[in-house]
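First the structure, in the form of C-alpha cells, and then the observations on it.
Nothing in this text is a laboratory measurement; each read-out follows from the coordinates by a stated rule. Note that the coordinates shown come from a computational prediction; the quantities given were computed from them, not determined experimentally. Glycine gets a Cβ as well: all are built from the backbone with ideal geometry, and neighbour counts include every protein chain shown.
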Amino acid sequence: MIIAVASGKGGTGKTTVATSLAAAVPADTFLDCDVEAPDAHIFLTPEFQEQKNVDILIPQVELRKCTACGKCADVCQFNAIALMGQDPLVFPALCHGCGSCTLNCPEHAIQEVPRTLGVLECGPAAHGIQFARGLLNVGEPMAVPVISQLKKWRSQRNTHLEIRDAPPGTSCPVVESLRGADFVLLVTEPTPFGLHDLKLAARVVKEINLPSGVIINRDREGMSGEVRSFCKRAGLPILISIPLKRDIAEGTARGQTLIDIDATYRKRFQTMFKEISNLSVLPDSQERSPTLGG
C-alpha cells in the first residue's frame, strides 16, 4: 500500500505526520518527494549508501549542419529553443527533454546531451525503513523529473506500506508525488490559511480520483470548527487531531517523531493505518486515472 502525505501549504506538520506514521506502523519504504527542501532525514536518520544523478536530455545543435529552417523552434511547446537570426539558441532551464526538436530536424543537426537536474540518495533508516529522497539542484526550476525518477528508482508496489512525503502546495510536483498512491493524507491546521489551502489540496485530490482523509495538526479548542465543517461538507474523514502542545513543539524541533515524544501515538497511528486500509478500497467501477500534472 502506498500512502502519500500532502498539505496545501508549507509548515503544517506534513513531514512530522509522514515520518511518525512510517515509524509507528512501521513502513517498508519512505520516499521524501519534497525535493526542493527535503527534511524527513532529520526524523528518520538514514545512512545513505547509494546515490544516482537525475539527468534529462537536452538539445545540442551542430551549427555547420543547421540551415536555420526554424522547425525545432516551431515544435517546442516550452520555448526552450529559438531561432536568433541564423543561429538556434537553446535555453536549458526551459527544456523538458521531450526530444521533439531532435526528431523534427530535417538536417539531423541536433543531438541530445545529458543535463543533471539533481541527485537521488537511499539507504537504511530508523525502524528498519528503506529511505530514499531526491535533491533538486539549487536554481533548477523543474522538480517533476526528479520526483518521477525517485519513484521509479525506489517505489515498491507490493510492499506492506510505502510512505511518500509530498511537497507542499498544489502544483505539478505534488500531483506527480500523489500519482500511483492508494490514499492521500491531507495535513492541515486550524487557521484561515490552513483552511484555504486545504480546500485547494482537497480539490486536487478529488480531480485525480484518490481517496483521502484529514489530519488536523496544532489543534486548539474552539479553533478548528471551520475546518471540521468543511471536512464534513466535503466528505473528508478527520482521522487524527494533534493538539497544540509545548512538548510536541519542542520534540519536533529536536527531530523527534510523535511516537518518540508520546508513546500513545504509536497505537493511534497504527489504528489510523487500519482505517486508511478500509477507506482506500474503491468500487471496481471507479477508476483512479490522474488527470492533472506535468
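A few comments on the model shown:
- Rule-of-thumb Rg ratio for the chain [Cα; 2.2 N^0.38 Å; N residues]: 1.14
- Amide proton proximity set for residue 161, modelled H, under 5 Å, gap of 5+: 28, 29
- Zone residues, the stretch 1-24, relative to residue 277, backbone N less than 14 Å from point 7 Å out along Cα-to-Cβ: 1-3
- The largest-to-smallest principal axis extents of the Cα set in the stretch 49-187 are 60, 31, 28 Å.
- Charge tally for residue 124 (other residues, Cβ to Cβ under 14 Å; Lys, Arg +1; Asp, Glu -1): -2.
- The phi torsions of the stretch 102-116, fed into the Karplus equation with coefficients 6.51, -1.76 and 1.60 and a -60° offset, translate into couplings of 5, 5, 9, 6, x, 9, 6, 8, 10, 10, 9, 10, x, 10, 7 Hz, rounded to whole numbers, with Gly and Pro shown as x.
- Shown for 30, 269, 193: other C-beta atoms within 10 Å of each C-beta, ranked fewest to most, produce the order 193, 269, 30.
- Amide proton proximity set for residue 54, modelled H, under 5 Å, gap of 5+: 117, 118, 119, 120
- Neighbour net charge for residue 228 - beta-carbon separation under 13 angstrom, K R +1, D E -1: -1
- Cα-derived Rg over Rh, computed across the stretch 63-108 with Rh taken as Kirkwood radius: 0.92
- Taking amide H positions as modeled 1.01 Å from N, with prolines and chain starts lacking one, the residues under 5 Å from residue 81 and 5 or more places away or on another chain are 91.
- Note on the chain: antiparallel DSSP beta bridges, both residues inside, total approximately 50 percent of the bridges counted.
- Across the stretch 115-215 the C-alpha pair distances fall into 5 Å bins from zero in the proportions 2, 11, 21, 21, 18, 16, 9, 2, 0 percent.
- Per-residue extension of 0.36 nm, minus the Cα-Cα distance of residue 94 and residue 230, leaves a gain of 45.1 nm for this segment.
- By the Cβ distance rule of under 4.7 Å, the chain has these cysteines without a partner: 33, 66, 69, 76, 95, 98, 105, 122, 172, 231.
- Hz values of 3J(HN,Hα) by residue in the stretch 36-53 - Karplus curve (6.51, -1.76, 1.60), Gly and Pro given as x: 7, 8, x, 9, 5, 4, 5, 8, 9, 6, x, 10, 6, 10, 10, 9, 8, 6
- Residue pairs, from the table 14/206; 52/267; 14/267; 9/152; 152/206; 14/232, whose Cα atoms sit over 28 Å apart: 52/267
- Counted charge near residue 105, where neighbours are those whose Cβ lies closer than 15 Å (Asp, Glu -1; Lys, Arg +1): -2
- Contour minus Cα-Cα distance for residue 196 and residue 55 (0.36 nm per residue): 47.2 nm
- Sequentially through the stretch 161-176, phi angles give Karplus couplings (6.51, -1.76, 1.60; θ = phi - 60°) of 7, 10, 10, 10, 8, 7, x, x, x, 9, 8, 4, x, 5, 4, 5 Hz, Gly and Pro residues having no value and appearing as x.
- The stretch 146-181 versus the stretch 207-233: alpha-carbon centroid distance in Å: 22 Å
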